[in-house]
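Accompanying notes for the structure given below.
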Amino acid sequence: MKFNETKLRVRYGETDQMGVVYHANYAQYFEVGRTEWLREFGLTYRRMEADGIMLPVISLSINYKNSARYDDVLKVKTTLKKMPTASIEFNYELTNEKDDLLATGNTILAFIDVEKNRPTRCPKYLLDKLQNYSL
């Protein structure tokens, strides 16, 4: 499966008074992983939006295993689960510098035609780029 690994550092504003990352920030970490996964293929949300495609999240699940803390360097591993159709699905693993598993997750995003405000198929240019990878 095609995956991307992205590193980021926990900022103070992402934590509570105990220095533990607030649970909602994990969804943002997954978004960073997802956008970097797309960037690896030379794609961005900006380009897709210019082409009239939006990618709203229609499903998000997070399983918390251990706490991320202020100033930790985190690694987000983002994996495409299957070839996209009218939606695209990613799995995530979030680890710290010690390689402790902090969280796993999954998102499903729908391809939406902006003009019609309706679901549409995955753009051909993305499918063409994915042809070279075994999923």
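The table for this structure:
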read-out	value
Matching option when the condition is of a type in the set (A, V, I, L, M, F, W, C) and closer than 17 Å to Arg34 by Cβ, among Leu101, Leu80	Leu80
Single condition Tyr26 does not satisfy, out of (1) of a type in the set (Phe, Trp, Tyr); (2) over 18 Å from Val76 (Cβ atoms); (3) surrounded by 13 or more Cβ atoms within 10 Å (Cβ to Cβ)	(2)
Every residue from the stretch 1-33 that is within 20 Å of Leu60 (Cβ to Cβ) and of a type in the set (Gly, Ala, Ser)	Ala24, Ala27, Gly33
Number of the exception - Thr78 against (1) crowded, with 16+ Cβ neighbours inside 10 Å; (2) over 29 Å from Val10 (Cβ atoms); (3) under 19 Å from the mean Cα position of the chain (by Cα)	(2)
Selection count, the stretch 81-102, where residues are surrounded by 19 or more Cβ atoms within 10 Å (Cβ to Cβ), touching a Leu at 6+ places or on another chain (Cβ under 7 Å) and under 15 Å from Val21 (Cβ atoms)	3
Selection status of Arg34, buried (at least 17 other Cβ atoms within 10 Å of the Cβ) and either in a loop (DSSP other than H, G, I, E, B) or of a type in the set (D, E, K, R) (or both)	yes
Matching residues in the stretch 30-56 - criterion: being within 15 Å of Thr78 (Cα to Cα) and not polar (S, T, N, Q)	Phe30, Glu31, Val32, Gly33, Arg34, Glu36, Trp37, Leu38, Arg39, Glu40, Phe41
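Quick note: the coordinates plus some simple rules give every number you see, no bench work behind them. Given the structure is predicted, the values throughout are model-derived calculations rather than measurements. When we count neighbours, we look across all protein chains shown, and the Cβ atoms used for this are built from the backbone with ideal geometry, even at glycine.
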